[in-house]
Amino acid sequence: MVLVVVFGASLLVAVLLSGLAARTVLSTSFLFLAGGALVSDGFLGLIHITPDSEIVSVTADLALFAVLFTDGMHVSLPKLRANWKNPARALGLGMPLAFVFMGLVTHFLVGLDWTTSFLVGAVLAPTDPVFASAIVGRAEVPAKLRQLLNVESGINDGLALPVVLVLIAAAGPRATSAEASAGKIAIELLLGLVFGVALPLLVSALVRFRLLGAEPKLQPLLPLATGIILYATCHLTHANPYLAAFFAGAALAHVSPEAKEPFEPLGEELAELAKFAALLVFGALLTPKLFGDLSLGGYLAVILAVLLIRPASLLLSLLGTRLSRKEKLVAAWFGPKGFASVVYGLLVLQSGIPQAQEAFTLIAVCIAFSMVAHSSTDVPIARAFDVEDLAGIPEPDDDAISRPMEVTTHVRA
């Protein structure tokens with residue numbers, strides 16, 4: 001129950017400070033990371049969570065699924081068909097470049113073997129828009145930029161997973177044949193895609209039966225029920241839940257727009273809660289010992305991963321596009337490592353490969369550094385696009401008498 005109390009206290013502080021966070025570099029994501037670290041074994045010792053604790057993998061898995069499901073609902077298929085080239089460049093060129101560069105840096109600076117080094121590169125290749133919500137979620141920011149970051153981050157989780165699983169199999173002491181692993185992974189991805197598209201279509205068809213249909217106050221629960229069934233089905237059948245979540249969200253928004261609109265506020269809040277819970281638990285893993293175990297070369301690799309590898313890879317992939325220079329630079333910077341990397345990093349740690357602990361330490365420190373760096377710079381950079389009234393909170397009038405600010409229900413990452 002200590003963890004529940006800490007979560008409630010962190011949530012209360014995050015909501016109370018959300019008005020300030022919406023206009024400054026203060027990040028509510030950092031509050032949950034710091035809260036988890038403070039009560040962990042590394043400091044106060046109130047809770048005892050280790051990387052192999054079930055709560056770590058469950059919260060990260062649920063958070064990633066919820067975030068991808070709601071992100072998928074923001075994808076407009078007609079707009080995507082008209083503007084697919086930039087996301088395709090980021091996924092087809094930028095992501096592989098980041099994967100290769102990170103693998104090279106990990107091998108030469110950290111000293112891991114080639115297979116494990118490229119495994120680290122695959123784990124850190126996916127990006128997460130949750131920690132750049134002031135960019136992705138603001139209508140004032142150019143649509144092509146928002147779509148690029150949102151589609152890239154929604155799809156690259158599923159693209160990275162097969163590479164991660166194959167490299168884990170190759171690095172393991174009981175490595176099976178690459179062909180068998182690749183075939184199994186392909187089936188899991190295909191099942192995820194099929195379930196993600198088929199289930200929303202089925203639900204939409206049921207709603208259209210004359211005798212069926214949800215009354216208005218229960219309409220928000222229709223996508224929620226779909227998501228719960230999809231999540232359980234994917235885990236029962238070993239289908240890829242992350243690919244299924246993103247495509248289910250997109251399919252549901254396309255075939256049932258009447259269900260999407262009432263669900264959006266509920267879905268966003270549920271995704272926020274899942275994300276904050278995962279951040280708190282992940283923060284409990286960030287002990288002084290974890291940071292102390294990373295070598296100087298490891299810290300240099302982390303800095304290069306965030307400040308050079310992602311920006312350079314995406315800038316190269318966007319050469320020749322019609323995006324402005326400012327848009328390219330913003331897209332290149334906002335490649336935060338998020339819940340996909342947390343989940344994949346835990347897969348590495350629990351895989352039993354020879355250098356699993358060293359790889360996880362590097363991955364965890366890189367994720368923590370990225371979360372803080374990106375979630376504390378999204379608002380200042382969003383202001384470069386003349387974004388006003390962030391999070392619905394007006395700037396205070398110097399001549400006005402101070403009064404309590406109204407805080408929206410959506411808390412910035």
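Coordinate-derived values only; no laboratory data. Just so it is clear, the structure is predicted and the values come from calculations on it, not from any experiment. Cβ coordinates were reconstructed from backbone atoms using ideal geometry, including for glycine residues, and neighbour counts include every protein chain displayed.
List of remarks:
- Computed from the C-beta positions of GLU261 and LEU211 and an R0 of 30 Å, the FRET efficiency is 0.80 to the nearest 0.05.
- Taking a straight line from the alpha carbon of LYS326, these lysines sit under 24 Å away, with near neighbours fewer than eight places off in the same chain left out: LYS79, LYS85, LYS144, LYS337.
- Estimated at 0.36 nm per residue, the fully extended path between LEU319 and LEU190 surpasses their Cα-Cα distance by 43.2 nm.
- Model label points for GLN357 and ALA225, set 7 angstrom from Cα along the Cα-to-Cβ axis, are 4.9 nm apart.
- Placing R0 at 41 angstrom, the Cβ-Cβ distance between LEU273 and TRP114 gives a FRET efficiency of 0.50 after rounding to 0.05.
- Other residues whose C-beta falls under 15 angstrom from the C-beta of THR237 contribute a net charge of 0, scoring Lys and Arg +1 and Asp and Glu -1.
- Computed Kirkwood radius, in angstrom, where 1/r is averaged over Cα pairs of the range 197-237: 11.0
- If R0 is taken as 35 Å, the Cβ-Cβ distance between ASP293 and VAL2 corresponds to a FRET efficiency of 0.85.
- Contour excess over end-to-end distance, with Cα ends at ALA312 and LEU46 and 0.36 nm allotted per residue: 91.6 nm
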